[in-house]
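The values are calculated or read from the model by the stated rules, or taken from the named source; none is laboratory data. Just so we're clear, the structure is a prediction, and the values are computed from it rather than from any experiment. Because the Cβ atoms are built from the backbone with ideal geometry, glycine has one as well, and the counts that use them run over all protein chains shown. What goes into the accessible areas is simple: the full protein's heavy atoms, side chains included, and nothing from ligands, DNA or RNA. Shrake-Rupley method; radii C 1.70, N 1.55, O 1.52, S 1.80 Å.
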Amino acid sequence: MSGLDAAVATAVATGTLLTTATLGVLHPRVPLFGPIVWRGPPRPAVALTFDDGPDPRHTACIAEILDVHRARATFFCIGRQLELHGSLARSLHASGHQLENHTYSHGTGLDLFSAVRLGQDLRRCQEVLAGLIGSASTYYRPAVGIRNPAVHAAARALGLTVVTWTHTARDGVFPLTSRRALALAERASAGSILALHDGQLRGNTKLREQTVRHLPLVLKRLKERGFAFETLTALLRP
Ligand SMILES: [Zn+2]
């Protein structure tokens, strides 16, 4: 092999490795670094999940919309948000919604590369949840959905199951327009876990207002398609 060929081969190998690692880190269905749950059994039901709350402006609106459709959902809560809005969290729990762990600080820097550091962060969220609703969480959705060996090691140490999603609204980045809302409802299939947001970390409340505005469309279309709305625990029941 010439020097040039060797360089090309190395570049291709490196590219393949990077692609594989990126898929494992970000793709919601690739269990490269450890087990993940990304869908439930194929029954005519879906689990709606909401990340980054509770949020004083939007979580209550979302809960009201869910009530109208008699839907129960799962909220992946941030521990520091739980501390700030404890009564909102208790009210969600009392209404039959499920509250789960989305880390205490939602750190996306060094926290993600140290199982010890991340474990402390997850444990802090567990303690806050337990103090509010009497039980800690079973499921953990990593911040920004990033998974790596440290994320899985921290989850294992605390007995948490890592949950991603089947389909995401991507409403953490893009406004949930009516077109996107309907597309999400059309993509869903039996046993899907759908990811949306009730909180807004970047202070862009316009994004969350769009989620609140078009969530009813998602629910209406899913209901027309014959799906029930279940919490994660109910959806994953064998
Ligand atoms: Zn998040």
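Restricting attention to the stretch 172-181, the residues that are assigned to a helix (DSSP H, G or I) and open to solvent by 50 Å² or more (accessible area, probe 1.4 Å) total 3. Listed by first and then second residue, the pairs linking a residue in the stretch 153-173 that is on the phi < 0 side of the Ramachandran plot to a residue that is within 12 Å of the ligand (Cβ to nearest atom) and open to solvent by 30 Å² or more (accessible area, probe 1.4 Å), with Cβ atoms under 7 Å apart and 6 or more places separating them unless they lie on different chains, are 171/197; 172/197. Within the stretch 115-137, the set of residues being of a type in the set (Ser, Thr, Tyr) and either open to solvent by less than 40 Å² (accessible area, probe 1.4 Å) or touching a Leu at 6+ places or on another chain (Cβ under 7 Å) (or both) comprises just one member, 137. On the stretch given as the stretch 189-210, residues that are of a type in the set (Gly, Ala, Ser) and more than 22 Å from residue 228 (Cβ to Cβ) total 2.
Among the residues of the stretch 182-238, what is the count of those that are assigned to a loop (DSSP other than H, G, I, E, B), open to solvent by less than 10 Å² (accessible area, probe 1.4 Å) and over 16 Å from residue 51 (Cα atoms)?
2
Within the stretch 183-204, restricting attention to residues that are out of contact with any Ser or Thr (no Cβ under 7 Å at 6 or more places or on another chain) and within 16 Å of the ligand (Cβ to nearest atom), which residue is farthest from residue 108 (Cα to Cα)? That would be 204. Annotation: of all residues in the stretch 138-153 being more than 16 Å from the ligand (Cβ to nearest atom) and in contact with a strand residue (DSSP E or B) (Cβ under 9 Å, 6 or more places away or on another chain), the one that is most open to solvent (accessible area, probe 1.4 Å) is 138.
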